[in-house]
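Input: a single structure, listed below in structure tokens.
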Amino acid sequence: MNEIETTEDAPRPAPIDSIYSGECLSVSGRSTLAYAVGKHRTENTLHLRIADNSGKGMWCKDWASAQAIEAIVVGARELTAKSFHGLHPGKSINTGGFVLAALRDLGLIRPNGANTRLHEHVPLTTLEQAAMQRMEAEKGTPAPKARRKAKEAA
């Protein structure tokens with residue numbers, strides 16, 4: 001899926017292609033979020049964005065680099081929605097909570113054992129590892145087989 005960036009001259013394809021799409025509940029549980037993991041065409045770097053929200057709240061649809069996300073997450077033990085506001089400065093504050101929910105769904109972060117309102121980094125895990133593990137797990141899930149009707153005795 002190619003997003004389009006609009007410039008003053010003409011629209012051109014965005015340099016990030018979606019390689020995985022997922023859905024999860026928001027942290028509040030009041031809406032379902034769709035998120036995407038993408039790969040930059042020339043830099044070969046990963047990015048994450050919130051693609052959709054079933055609720056009425058606003059959010060930023062821009063990509064955030066894995067490098068910027070990991071700078072916030074790696075080694076952290078007290079992550080909240082506010083921790084991710086710096087990924088998209090000046091944009092909707094809902095985005096931070098939505099990013100937190102997507103990262104939790106991917107397995108990069110998890111609820112803190114001592115206080116479930118806080119989240120922590122899953123040790124030794126990168127966004128790339130979490131995304132690739134999810135993609136492999138879903139690829140390895142066999143599709144349901146169609147049932148065949150038993151032949152009637154003639």
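The values are calculated or read from the model by the stated rules, or taken from the named source; none is laboratory data. No experiment lies behind these values; they were computed from the predicted model shown. In case anyone asks, the SASA skips ligands and DNA or RNA and just uses the protein heavy atoms, side chains included. Shrake-Rupley method; radii C 1.70, N 1.55, O 1.52, S 1.80 Å.
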* Structure fact -> Length gained, S92-Q67, 0.36 nm per residue minus C-alpha separation, equals 6.9 nm
* Structure fact -> By the Kirkwood definition, with r running over pairs of different Cα atoms, region 35-96 has a hydrodynamic radius in Å of 12.5 Å
* Could you please state how large a percent of the accessible area of region 45-147 is carbon and sulfur, counting protein chains only and using a 1.4 Å probe? => 53 percent
* Rg to Rh for region 99-139: what is it, with Cα atoms only and Rh by Kirkwood? -> 1.01
* Asked: Once the piece of chain linking S28 and N112 is laid out straight, how much longer is it, given 0.36 nm per residue of separation minus the C-alpha distance between them?
  -> 28.6 nm
* Sequence-distant or interchain residues sharing an amide H contact under 5 Å with N53, placed H: which? -> A34
* **Rg to Rh, two decimals, where region 62-108 supplies the alpha carbon set and Rh follows Kirkwood** => 0.91
